[in-house]
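*Asks:* Encoded as structure tokens, here's the structure I'll be asking about.
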Amino acid sequence: MSVQTVDISVIMPVYNGEKYLREAIDSVLNQTFKTFEFIIVNDGSTDATESIITSYTDPRIRLINQANGGVARALNTGLRYATASYVVRFDADDVCMPHRFQVQYQYMQEHPDCMIVGSDANYMNEQGEFLFRYRNEAYTDEAIKRKTPFSCPFIHSSVMYKKAPVLAAGAYNEHAHNFEDHLLWVNLLKQGTAFNLSEVLLHVRFNISSVTIDEKDRGKKFMEIKHKALQTGTISAEEGDTLLKIIRSQSRREKEHSYHRMLAKKYLWNNYNTTKAREHLSKAISLRPSQWSSYALYILSFLPEKQIQALYHALK
């Protein structure tokens, strides 16, 4: 496909993603919208990731291999190679709805002031079974900008954005470990408008190997550095090194605990299912019995749905 016919650059970083990679790639190649390039950045994988990618013969795929450097660096590599004005973000364990690109591209064409558009999503477990529908907390430009200083307004793998303003905003800060997208949105939204579509355009896989540990478990220092970065729009290399040390100091057991507690929260906030919530909270408590917040959530799970929702929105 010639550069002239490329309307969208799809950027997908992957690190040791062999388990779900074919399903993710197929969901991109089978889009109803056809004029795109598919940039896959292999971030130093040591499994069968590269051989799976090279087994495809679709000319739209562009494989870039690099030494492992993390998701932000992989995304910036993808941006350097992207030739289209519009970029779709996607993760190697998620699944796109067949019409996703068409819907988002059409919205961007009809709203030229819009720099970024996200969507709702269905969350699924490791086996691809439906867990719950995630509804964004902000859809309009005004609501998104009001929310952004405090919490991330987009599902990262759901967005399509204009490449030029993202580059002007500094692209992904490689020191903002685990919130490189949120920091980018803080800087990007100074340049124009944003929107979230209420339509489900992808399935997000909720699996323990890719879930970010609950930031509250990372302690006060992590949260202080992150809060400062979101307020100032930048973060230093020294601060990034501190974040990385905190992240690397946390064990597999802590990540499993965070995974189960996060799932329990989703079952309380997003898809009221107290049985499932308590099931995951029991696992979280068994992994880290000293964490009082899991007990608090367990007690909370016995409240009626309306009371739980009211408390959730009050806390947000």
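Bear in mind these aren't lab numbers, they're just calculated from the coordinates by the rules spelled out. Worth saying up front: this structure is predicted, and the values here are computed from it rather than measured. Glycine also receives a Cβ, built like all others from the backbone with ideal geometry; neighbour counts cover every protein chain displayed.
*Asks:* With 17 Å as the cut-off, how large is the P(r) tail for segment 1-70, expressed as percent of Cα-Cα pairs?
*Replies:* 39 percent
*Asks:* For every helix of n ≥ 4 consecutive DSSP H residues, a contribution of -39,500 (n - 2.57) applies; sum these over the chain, divide by its total residues, and give [θ] at 222 nm rounded to the nearest 500 deg cm²/dmol.
*Replies:* It comes out at -13000 deg cm²/dmol, rounded to the nearest 500.
*Asks:* Moving on to the next point. Pairs of Cα atoms under 8 Å, at least six residues apart: use those to get the relative contact order of segment 120-237, whole percent.
*Replies:* Relative CO of segment 120-237 lands at 36 percent.
*Asks:* Based on the alpha carbons, how large is the Rg to Rh ratio for the chain when Rh follows Kirkwood?
*Replies:* 0.95
*Asks:* For S151 and S251, FRET efficiency with R0 = 30 Å and r from the beta-carbon atoms, rounded to 0.05?
*Replies:* Efficiency computed from Cβ-Cβ geometry: 0.70.
*Asks:* Right, next: Given a cut-off of under 8 Å on Cα pairs at least six residues apart, what relative contact order in percent is computed for segment 152-196?
*Replies:* Over segment 152-196, the number comes to 38 percent.
*Asks:* For segment 251-316, what is the Kirkwood hydrodynamic radius in Å, using each pair of distinct C-alpha atoms?
*Replies:* For segment 251-316, inverting the mean 1/r across all distinct Cα pairs yields 11.7 Å.
*Asks:* What nm value, rounded to one decimal, do you get for the distance between Q191 and D26 when each label is placed 7 Å out toward the C-beta?
*Replies:* Each label point is offset 7 Å from its Cα along the Cβ direction, giving 3.7 nm.
*Asks:* What FRET efficiency comes out for T35 versus Q127 if R0 is 41 angstrom and r is the Cβ-Cβ distance? Round to the nearest 0.05.
*Replies:* Once rounded, the FRET efficiency stands at 0.75.
*Asks:* Do the alpha carbons of any pairs in K147/K190; K147/K265; K245/K266; K190/K226; K145/K228 sit beyond 25 Å of each other, and which pairs?
*Replies:* In this structure, K245/K266 exceed 25 Å between Cα atoms.
*Asks:* Once R0 is set to 45 Å, what does the formula 1/(1 + (r/R0)^6) return for the Cβ-Cβ distance between A67 and L311, expressed as a FRET efficiency to the nearest 0.05?
*Replies:* Calculated value: 0.45.
*Asks:* What net charge do the residues around D7 carry, taking every other residue with its C-beta under 11 Å from that of D7, with Lys and Arg at +1 and Asp and Glu at -1?
*Replies:* Local charge sum for D7: 0.
*Asks:* Using all Cα-Cα distances in segment 118-183, what percent lands in each 5 angstrom bin from 0 up to the longest?
*Replies:* 3, 15, 18, 26, 19, 12, 6, 2
*Asks:* Given Cα pairs under 8 Å that are at least 6 residues apart, what percent is the relative contact order of the chain?
*Replies:* 16 percent
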